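**Q** Here it is, the structure, as C-alpha cells.
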Amino acid sequence: MNKKKKGLSHLFEYTGKYKVLTILSCILSGISAILSLVPFICIWLVVKELFNNIPDIHKTQGLSFYGWLAVYSALLSILIYFVSMMLAHIAAFRTAKNMKRKALTHLMKLPLGYFSQTTSGGLRKIIDDNAGLTETFLAHQLPDLSGALLMPIAILILLFAFNWKLGILCLIPLLVGFLFIKHLMSGKNAKFMSKYMGALEDMNGEAVEYIRGIPVVKTFGQTIYSFKSFHSSIMKYKEFATTYAINCRIPMAGFTVSINGAFILLIPVGILLIAGANDYNMFLLDLIFYILFTPICTAMISKIMYASDNIMITKEAVKRIDSILEQQPLVETKTPQVPVNPNIKFNNVSFSYPNSDKKALCGISFNLPQGNTVALVGPSGGGKSTIAALVPRFFDVQSGSIKIDGIDVRNISTKELMSQVAFVFQDTHLFKSSILDNIKIAKPSASREQVINAINAAQCNDIIDKMPNGLDTVIGEKGVYLSGGEMQRIALARAILKDAKIVILDEATAFADPENEYKIQIAFEKLTKGKTVLMIAHRLSTVKNADCILVIDKGRVKEKGTHDELIKKNNVYAHMWKDYQTSITWKVGKEANHA
Ligand code: ADP
C-alpha cells in the first residue's frame, strides 16, 4: 500500500476498480443539482413575462413552454439523482467489503500478542464501524457533497448575473457563516475527531469485556473492580464529548444565525434599494428571485458543513483501518526447520512491547532442558508472563534469541511451533459452542473418546455431569456459564488433549475457590508429566519441586537455582519463601480461630 497517500485519496485505494462508479455518481449528482435549479429560473422568466405585459396579460408568450421545461428538468434531475445514488451504493458496498476483508485477512497474520494488547470489542468496532462509516460516506455524503458544492457556485453566478448589489447582500451572511465554520474545524478542534473516536473505541471495547466478564464477576462478587475500567472509559468519552460541545457553542451558534439570517439583510436593504432603482419592475422581480433562492443557498451551505464534518469522520475511519494494516505481520521463515527435542534456550533476550519504550525484559538467559520444569517467580510486573509469551512467538524478541532444540523460534513455522507448544494462560477464552468443540480446538482430529480422557485427566467430570447436555452443552447459551476455576480446568483439558512436548502455563489462582484449586493442581500434574515445562508460579508451594527456579524482577533474572540452593543463598527467594511461610501460618491460624 502507498503509505504517502492520506485522507480521501487514500480511501480510493480501497475502492479499487469501483472508483469509476464513485466518480460517475458524483458527476451525475452535480448535474442533477444544477438541473434542479432550472424550475426556479423558469419561474423568474414567467414572472418577468407577466410583469412586462401587465396589464395585457393575454400578450404573454412562452408560459407553457417554461412550465413544461420546469417539469421536465425537475423529473430529469430526480432520475439522474436516482442513477447517481445507485452507482454510489454499489461502489460503497464493495469498498466496505474490501476494507473488512483486507483488515480481517491481515489480522490473521498478526502475532498473537497483538490481540492481548487490543480488546476484541475495540477491534470489532475498528473494522465494522469504520467500514460502515466509509460506506455511508461513499453511498450518500460524497455524491451529495458534489451536488451541494456545485449548486452554490451555480447560484452565485446566477445571482451576480441578475443584480450584483443583491448578490453581494446574499453573499455577506454566507461568508460570515463560512468564517465560523473554518474556526470550528481548526485549532484544537481539528484533532478532536481522532481523540473522540479513540475514546469511543475504548468505551466499546471495555463494554464488551465487561459484559463478557459478567458471569465470572457475578460468581466472585467483583462488581466494582470490573466496572472500574469500563466506568473510566465512559468518563473519558464524556469529557471529550462535553469539551467538544463547549468549544462548538459560539462558532455553531454564529454559523446558524448568519446562515439563517440572510433575509435580515436582504429584505430591508432590498426595499431601501428599490427607491434608487432605474427600473422598479425589474428590481422587484430580481428581489423576488433572490428571496426564492436564498433558502436553497443556505440549505446547501448547511449540507456542505455537515458533509465536511463527515469528511473528517471518514478520514479518521480510514486511518483507523490503516492502523490495523500497518501492524507488522509475523514474519514466516522461508526455510522452516523442525525441532526434534523439546529443550529451550533463552540467550540474552531483551524485549519491549510495541507500544512502550520501557524494556519489559533485559538480557534474559536460561536453559530449559528436555523433561525439566523451570518455574518463574517474582513480583507482579517483573516480566514472567512476557518470558512465557515469547516462546510461542506472541511477540518476537528485539535482541538475543529463543531456541528450541538449537533452532531459533523464528526459523520454525508457526504451525509447527503451535503444534509443539501447549499454553494455558490466565484469561481462558471459551467459544459459544459445545464443550466438546471447545476442547477439540486443541486437536480437531481427536475422537470423542480422546476428549473424554482429557476431561478425566483435567478433573472436569463434575463440570460435564452438571451440564444439561453433557459434553454437547453449548457454553453461553440458556444461562450455561462456567466459573473462572472451571474455565481453567477446561483450558487444561484442551492442553492435555493437545499433548504437546512443551507446556507453558500460568498457574492462575485468582479465580479459583479451594475445591477448584485442588482439582486444578491435579490437572496440572497430569498435564506436565513427562513434558518440558515453563511455569509461572504464584504460590511458592508449587515451585519447590521445579528443576530450576528463576526469580524475575524488573525484567532481569535476579536469582537462579533449585529451591534448596536458593534457600541456602538466603537472598531474594529465601525472603519470599519466609514471607510465604508466614502467610500460610497466618492463614491457617486465622482459619483455626474461626473454627
Ligand atoms: P509479570 O508476569 O511478572 O506480572 P509482565 O510480563 O506481565 O509481568 O510485565 C512485565 C512488564 O511489561 C511490566 O512493566 C508490564 O507493565 C509490561 N507489560 C506487560 N504487558 C504489556 C503490554 N501488553 N503492553 C505494554 N506493556 C506491557
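**Q** In whole angstrom, note down how far apart the Cα centers of the stretch 90-164 and the stretch 427-450 are.
**A** 39 Å
**Q** If I take R0 = 22 Å and measure r between the Cβ atoms of residue 353 and residue 415 in this structure, what FRET efficiency does the formula 1/(1 + (r/R0)^6) give, to the nearest 0.05?
**A** Between residue 353 and residue 415 the formula returns 0.30.
**Q** Right, another one. How high is the relative contact order of the chain, in percent, counting Cα pairs under 8 Å that sit 6 or more residues apart?
**A** Dividing the mean separation by the residue count of the chain yields 14 percent.
**Q** May I pose another question? Sum up the charges of everything whose Cβ sits under 12 Å from the Cβ of residue 498, counting Lys and Arg as +1 and Asp and Glu as -1, but leave residue 498 out.
**A** +4
**Q** Right, next: Summing -39500 (n - 2.57) over the DSSP H runs of n ≥ 4 in the chain and dividing by its residue number, what mean residue ellipticity at 222 nm do you reach, to the nearest 500 deg cm²/dmol?
**A** Value at 222 nm, helices only: -21000 deg cm²/dmol.
**Q** Counting heavy atoms of the protein chains only and a 1.4 Å probe, report the per residue accessible area for the chain as a whole number of Å².
**A** Accessible area per residue: 52 Å².
**Q** Separate question: Rounding to the nearest 10 and keeping the result within 0 to 90°, find how far the Cα-based axis of helix 19-35 lies from the longest principal axis of the chain.
**A** The helix 19-35 is inclined about 30 degrees to the chain.
**Q** Could you list which residues have their amide H under 5 Å from that of residue 363, counting only those 5 or more apart in sequence or on another chain, with H placed in the peptide plane?
**A** For residue 363, whose amide H was placed from the backbone, the distant partners under 5 Å are 349, 350, 351.
**Q** May I ask you to list the lysines whose Cα is less than 16 Å away from that of residue 526, ignoring any residue fewer than eight positions away on the same chain?
**A** Answer for residue 526, where 16 Å is the Cα cut-off: 498, 501, listed by chain and number.
**Q** To the nearest 10 degrees, how steep is helix 514-528 against the longest Cα principal axis of the chain, on a 0 to 90 scale?
**A** Result, in degrees: 80.
**Q** Which percent of the accessible area of the chain is formed by carbon and sulfur heavy atoms (probe 1.4 angstrom)?
**A** 62 percent
**Q** So how far apart, in nm, are the two label points at residue 116 and residue 178 if each is 7 Å from Cα heading toward Cβ?
**A** Placing both labels 7 Å along Cα→Cβ, they lie 5.5 nm apart.
**Q** So what J values fall out for the stretch 330-342 if you push phi through Karplus, 6.51 cos²θ - 1.76 cosθ + 1.60 with θ = phi - 60°, rounded to Hz, Gly and Pro as x?
**A** Karplus values, whole Hz, x for Gly and Pro: 5, 7, 8, 5, 7, 10, x, 10, 10, x, 9, 8, x.
**Q** Let me ask another. So which aspartates and glutamates pass the test for residue 519, namely a Cα distance under 20 Å, with those fewer than 8 places away in the same chain ruled out?
**A** 427, 462, 465, 486, 499, 506, 507
The values are calculated or read from the model by the stated rules, or taken from the named source; none is laboratory data. Only a predicted model underlies this, so the values are computations on that prediction, with no experimental measurement involved. All Cβ positions, glycine included, derive from the backbone under ideal geometry; neighbour counts span all protein chains shown. The protein model used for the area step is the full one, side chains on, heavy atoms only, and it has no ligands, DNA or RNA in it. Shrake-Rupley method; radii C 1.70, N 1.55, O 1.52, S 1.80 Å.
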